[in-house]
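Here the structure comes first, spelled out in structure tokens, and everything after it is commentary.
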Protein chains: 2
Amino acid sequence: MSKIPVIEMFGPTIQGEGAVIGVKTMFVRTYGCDYHCSWCDSAFTWDGSAKAKVRMMEPAEIMAELLELAGDNFNCVTISGGNPALIGEGMGEFISMLHARGLQAAIETQGSRWQEWFYEVDVLTISPKPPSSGMSTNWEVLDSIMNNLSARNKVTQSLKVVVFDDMDYEYAKSIHRRYPLIPFFLQPGNEDVTEEGDISGRLLERLEWLFNKVIVDKEMNLARVLPQLHALIWHNKRGK
Amino acid sequence: MSKIPVIEMFGPTIQGEGAVIGVKTMFVRTYGCDYHCSWCDSAFTWDGSAKAKVRMMEPAEIMAELLELAGDNFNCVTISGGNPALIGEGMGEFISMLHARGLQAAIETQGSRWQEWFYEVDVLTISPKPPSSGMSTNWEVLDSIMNNLSARNKVTQSLKVVVFDDMDYEYAKSIHRRYPLIPFFLQPGNEDVTEEGDISGRLLERLEWLFNKVIVDKEMNLARVLPQLHALIWHNKRGK
């Protein structure tokens, strides 16, 4: 049995962003990332600050803990990170376990690594990171991931780009041009992921900014612009 | 040629709610409604206050005006009301015209009237009105609409219920139970559609209230809870 490094599990809550925005879901967050984005809202998954909390868990243990947390009060499990695509066999086993119970698996990853279990994911969000992150995209890897997924035509896939500034917006456009047939989501960035208290005003201003860019841009007629609902409501609190 | 009573046209803007939340769209609002919901956010479409602004337009005239407003800077036209399902042949012609240009038609209606052109709509939102509206649902009509749509299995349909209070929530559950296979959206109501200034705080409180109801309710595992993004950003302003 391959174990999975889990840093937190919580829910049920509401998925706040992306293709399945608004859906009730459990969250499983894996530890470890090949990226270290400057504005990461979950840096504790890779910066070492919470390393003591990581548990190496078998898929069946994760499943048992989800059921203990939520009983039958959920239908979807979102696996996020860190980068869950760093995990091989164990994740495939976990997804099979979810399916055996009629549960859906939603996964978000930056598109820097391929895993065969991507084919089994119900809702797969590939979220390449724009220049403001400080990371650079390996286009060869991203192309091959997108090609693999399109070839099977089985997974509900989408692309999502977080946008902080004009350079990020141009990067987002280059992604949308490169993979024009893949459902495409834009999301304004949260410029301070540690600020306490109500940050909804600041976040809504950035959403309006992004709305206004897309509204006048005919290359973005098929894009979808969505906020992070959880951040509008629960702000920068963790575990919501 | 059948004419369509149009009370306003605007865009491009971003669709703020429902199944295609976040998509760039033009809006065409038709005049006239068989309902008069107590909290209607577009009462000017039926209460007579803006009757002087209604234009009887041929489908080709509407098309021309949309192109004049937005050029090729949109891919979707949302037809709302009032109740656009009060309009027969003319609407079918208009939808064909959109398709001939590769444009999508999204329509919202309360499910009180059937039209043959429902089969041609790309994104059809049926939004039955809960008790707080003061309206009562004709279940026979609603059943027959949902049956017609399911039989053809061609239209991307969804159900959306606006929820103001606990009674509305129970009504929403009864809808979801009755049509369990249809994608189901919940949306918190805007309790004052005339208040000026920033109402986002009040709206987000109601979104949190609805999130929390759904989170603990295992009958709502497949529901999606979404706000009205346009109201969060542009508040009660019209034409946005």
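The values are calculated or read from the model by the stated rules, or taken from the named source; none is laboratory data. Here the structure is a predicted model, which means the values were calculated and not measured. Glycine gets a Cβ as well: all are built from the backbone with ideal geometry, and neighbour counts include every protein chain shown. Ligands, DNA and RNA are excluded from the accessible area calculation, which covers all protein heavy atoms including side chains. Shrake-Rupley method; radii C 1.70, N 1.55, O 1.52, S 1.80 Å.
From the set of residues in the range B:61-72 that are in contact (Cβ under 8 Å) with a residue 12 or more places away in the chain and open to solvent by 20 Å² or more (accessible area, probe 1.4 Å), which is farthest from the other protein chains (Cβ to nearest Cβ)? Among those residues, the one meeting the criterion is B:E65. Residues in the range A:35-57 that are of a type in the set (D, E, K, R) and buried (at least 16 other Cβ atoms within 10 Å of the Cβ): A:D41 only. Cβ separations smaller than 9 Å between residues 6+ apart or across chains give the following pairs from the range A:224-239 residues that are free of Cβ contacts under 8 Å to residues at least 24 places away in the same chain and within 10 Å of chain B (Cβ to nearest Cβ) to residues that are in a loop (DSSP other than H, G, I, E, B) and open to solvent by 40 Å² or more (accessible area, probe 1.4 Å): A:W234/A:K240. Among the residues making up the range B:1-24, those that are open to solvent by 20 Å² or more (accessible area, probe 1.4 Å) and of a type in the set (G, A, S) are B:S2, B:G11, B:A19.
Residues in the range B:125-169 that are among the acidic types (D, E) and closer than 20 Å to B:A223 by Cα were compared, and the one that is surrounded by the fewest Cβ atoms within 10 Å (Cβ to Cβ) is B:D166. Of the residues B:E191, B:E195, the single one that is more than 16 Å from A:T25 (Cβ to Cβ), in contact (Cβ under 8 Å) with a residue 60 or more places away in the chain and among the charged types (D, E, K, R) is B:E191. When each of A:N153, A:N83, A:N75 is tested for being in contact with an Asp or Glu (Cβ under 6 Å, 6 or more places away or on another chain), without any contact (Cβ under 8 Å) to a residue 60 or more places away in the chain and over 19 Å from A:R177 (Cα atoms), the lone residue that passes is A:N83. Only one entry of A:G82, A:G92 meets the criterion of being assigned to a loop (DSSP other than H, G, I, E, B), closer than 20 Å to A:E120 by Cβ and open to solvent by 10 Å² or more (accessible area, probe 1.4 Å), and that entry is A:G82. Of the residues making up the range A:73-83, just one is among the hydrophobic types (A, V, I, L, M, F, W, C) and more than 14 Å from chain B (Cβ to nearest Cβ), namely A:I79.
When the range B:12-38 is filtered for residues that are in contact with a Gly (Cβ under 6 Å, 6 or more places away or on another chain), away from every other protein chain (no Cβ under 14 Å) and either in a loop (DSSP other than H, G, I, E, B) or over 23 Å from B:W114 (Cα atoms) (or both), the ones remaining, listed by number, are B:Y31, B:G32, B:C33, B:S38.
Scanning the range A:139-197 for residues that are more than 16 Å from A:W39 (Cα to Cα), out of contact with any strand residue (DSSP E or B) (no Cβ under 7 Å at 6 or more places or on another chain) and of a type in the set (S, T, N, Q) yields A:S144, A:N147, A:N148, A:S150, A:N153, A:S174. The single residue among B:F118, B:F27 that is open to solvent by less than 40 Å² (accessible area, probe 1.4 Å) and either within 16 Å of B:G11 (Cβ to Cβ) or among the charged types (D, E, K, R) (or both) turns out to be B:F27. Of everything in the range A:196-222, what is part of a loop (DSSP other than H, G, I, E, B), at the interface with chain B (Cβ under 7 Å from one of its Cβ atoms) and open to solvent by less than 70 Å² (accessible area, probe 1.4 Å)? Give them in sequence order. Residue satisfying the conditions is A:N221 alone.
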